[in-house]
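Participant: Okay, here's the structure, questions in a sec.
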Amino acid sequence: MRQVLTKVLTLVGIVVFQEILMISNSRAETLKLTPESLDWERLTFAHNEDERCKKSDDPFVVPAYIFSTPDSKTISSPALKIIGSYTTAPQEHKQCVDQSQYRPVLSLTNREKLQYGFEDRGDEQIFVANVRHVRAGNHSHTWYVASIPIKSVTNMTFQVAMRQEPVLGVRGMHSQIRIAFDEPVILKQQFPVDTKEEIRVNELIFSFQGVTKSGVQLDLTRGVDGSSLLAGGIYTANAKLYDAFVNNSTKSMRQFLLNLPRDRMIAYIKKFITKSNYQRLSHRFSLFGSNCNSNQYYILDKVMNKFYTTAQKENRSKVVFWDPDQAQKGLKVRGLLIKEITPHEREAGARVFLATFGISGANFASLRARETIN
């Protein structure tokens, strides 16, 4: 019996390997790549921008398309069903990305800095576009260009959105990083260009999001079949509080204060912006791989690598990197966790903002009571 089982498992492994190899070869042939090509390592949507996806005159909208969920009739085996639309050639399904809520952050050129009237003070600031902000009591949002005073960064907090999920119960479903500054971040309306009004905030949220085609919500299926893309964006605290507690059924936004020296916090900001500006919308979002949580770990590990002890380097690989519900453990083994602090929604400023949408402290109290009972 054991020998039969071993043979079956071996056969399945061989079949899966052959199909993955076939998919990789087909994908390379589609993009006309060779091992010598510069893009050989970038087979995940390296060429997915098309001007027909330009739905706005906003110069910072990335005209990207995605792979649609593949037709089940064209998939011949369970292995290919798991891998999903990785078998679909880019010219066959060019559905444009919906960027109404989430966009990749882009760096401003010198010309664009002048256009928005920013004063460039060298390495003290970074200038970016596609920062989203929501005003109190207003259900719409606006995109802004921003001057970020990176040298004035004071602390970083790892946030985990706790949500009620069917069967799973209340668990961490999204993670992001909140960064505070002791000098204001200056926001100016992106499009149409308006340099007269300035909005000043003292914190930003750095978040990776999955985006898909217009009219479709990101769900479990689209999180695993390759039909969603990864967007590394920057948001004001208002924008992400709105997403969490007005648009989504978030129960609480847990916060973990991070142990990083200032130069490493600055390195994180630079790495995040560089990664997002370079990748734009050219990489796949994967619920169990390259997602909101794993990409934060990727950047933190890059900027902290030489500061980790040997034990930390060994232990960090043992934590489930893609699961936001395991974030506290992941931060702890890396030596990045100082302590858990008050949830974001209980802070005075957050309570005032959420109250303008009819969400009060009493709502949170009753939610927490139900969580305790359940």
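Values quoted throughout were computed directly from the atomic coordinates according to the rules given, and no laboratory measurement underlies them. As the structure is a prediction and not an experimental result, all values here were calculated from the model. Every residue, glycine as well, gets a Cβ built from its backbone with ideal geometry; the counts of neighbours run over all protein chains shown.
Participant: In nm, what is the difference between 0.36 nm times the number of residues separating ASN259 and LYS151 and their Cα-Cα distance? Let's see the in-between values first.
Facilitator: On the way: separation 108, 0.36 × 108 = 38.88 nm, distance 1.71 nm.
Length difference between fully extended and current span is 37.2 nm.
Participant: Would you mind checking the pairs LYS54/LYS94; LYS306/LYS332; LYS113/LYS188; LYS55/LYS213; LYS151/LYS270; LYS94/LYS271 and listing those with alpha carbons more than 21 angstrom apart?
Facilitator: LYS94/LYS271
Participant: Moving on to the next point. For q = 0.12 Å⁻¹, what log10 I(q)/I(0) does the stretch 189-348 give under the Debye formula with an equal point scatterer on each alpha carbon and no solvent?
Facilitator: Log10 I(q)/I(0), no solvent term: -0.62.
Participant: Okay, moving on. What spacing in nm lies between the two simple spin-label points modelled at ARG346 and LYS329, each 7 Å away from Cα in the Cβ direction?
Facilitator: Each label point lies 7 Å from its Cα, and together they span 2.4 nm.
Participant: Further question on the same structure: Taking the number of other C-beta atoms within 10 Å as the exposure measure, put TYR65, TYR298, TYR268, TYR308 in order starting with the fewest.
Facilitator: The most exposed by this proxy come first: TYR298, TYR308, TYR65, TYR268.
Participant: Turning to a different aspect of this structure: In 10 Å bins starting at 0, how do the alpha-carbon pair distances of the stretch 258-334 split up by percent?
Facilitator: For the stretch 258-334, the pair-distance distribution reads 18, 48, 31, 2.
Participant: Turning to a different aspect of this structure: Return the whole-Å distance between the Cα centroid of the stretch 299-340 and the Cα centroid of the stretch 122-189.
Facilitator: If we compute the Cα centre of each part, the gap is 22 Å.
Participant: Next question, about the same structure. Go through the stretch 94-194 and name the GluC sites (Glu not before Pro) that are in a DSSP coil and have 11 or fewer other Cβ atoms within 10 Å of their Cβ.
Facilitator: Those satisfying the criteria are GLU119.
Participant: Select from the stretch 246-323 those trypsin sites (Lys or Arg not before Pro) which occupy a DSSP coil region and have at most 14 other Cβ atoms within 10 Å, ordered by residue number.
Facilitator: Values: sites: LYS251, ARG254, ARG262, ARG264, LYS270, LYS271, LYS275, ARG280, ARG284, LYS302, LYS306, LYS313, ARG316, LYS318; in loops: ARG280.
Answer by residue number: there is no such site.
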